[in-house]
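Engineer: Below is a structure I'd like to ask you about.
The values are calculated or read from the model by the stated rules, or taken from the named source; none is laboratory data. Model, not experiment: these values are computed from the prediction. With ideal geometry, Cβ positions are generated from the backbone for all residues, glycine too; neighbour counts draw on all protein chains shown. Side chains are part of the model used for accessible areas, which takes the heavy atoms of the whole protein and leaves out ligands, DNA and RNA. Shrake-Rupley method; radii C 1.70, N 1.55, O 1.52, S 1.80 Å.
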Amino acid sequence: MNTLEELRKQIDQIDAELIHVLGVRMNLVKKIGAYKKSNNLSPLDVKRWEDVLTSILKSAESQGLNTDFIRKMYKLIHEQSLSIQQSP
């Protein structure tokens, strides 16, 4: 049986992993932004965003996650990604 402290330590570890993965993701976003700038591409690719969101929501649903929550979370991630791609 896990104690509350053990469970909280597991959550802390997962939180650290989430932050690490977001950092890796945002570094890739910077590279994508540089590529798009050098190739005169728009930071926003509506079709790609729709495809990603659809895929993420299907995955979230299969995991029993609240899709409204996931949609909001990914909207924030996407907004930050666009902001990074538009920065000089």
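Engineer: If you go through the stretch 30-44 one residue at a time, do you hit one that is among the aliphatic types (A, V, I, L, M), open to solvent by less than 70 Å² (accessible area, probe 1.4 Å), within 18 Å of residue 83 (Cα to Cα) and part of a helix (DSSP H, G or I)?
Structural biologist: So far as the stretch 30-44 goes, yes, one or more of its residues are among the aliphatic types (A, V, I, L, M), open to solvent by less than 70 Å² (accessible area, probe 1.4 Å), within 18 Å of residue 83 (Cα to Cα) and part of a helix (DSSP H, G or I).
Engineer: May I ask you to list pairs of residues, at least six apart or on different chains, whose Cβ atoms are under 8 Å apart, with the first in the stretch 28-53 being over 16 Å from residue 75 (Cβ atoms) and the second being surrounded by fewer than 14 Cβ atoms within 10 Å (Cβ to Cβ) and of a type in the set (A, V, I, L, M)?
Structural biologist: 35/41
Engineer: If you go through the stretch 5-29, how many residues are open to solvent by 100 Å² or more (accessible area, probe 1.4 Å) and either touching a Lys or Arg at 6+ places or on another chain (Cβ under 9 Å) or within 13 Å of residue 80 (Cβ to Cβ) (or both)?
Structural biologist: The total comes to 0.
Conditions tested, residue by residue: (1) among the charged types (D, E, K, R); (2) under 26 Å from residue 71 (Cβ atoms).
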| site | (1), (2) |
| --- | --- |
| 6 | yes, no |
| 22 | no, yes |
| 32 | no, yes |
| 38 | no, no |
| 50 | yes, yes |
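Engineer: On to the next question. Suppose we filter the stretch 45-78 for residues that are more than 17 Å from residue 23 (Cβ to Cβ), part of a helix (DSSP H, G or I) and not β-branched (Val, Ile, Thr); how many remain? Write out each step before concluding.
Structural biologist: We begin by selecting, within the stretch 45-78, every residue more than 17 Å from residue 23 (Cβ to Cβ); these are 45-72, 75.
Narrowing the set further to residues that are part of a helix (DSSP H, G or I) leaves 46-62, 67-72, 75.
Filter once more, so that each one left must be not β-branched (Val, Ile, Thr): 47-51, 53, 55, 57-62, 68-69, 71-72, 75.
Looking only at that region, the number is 18.
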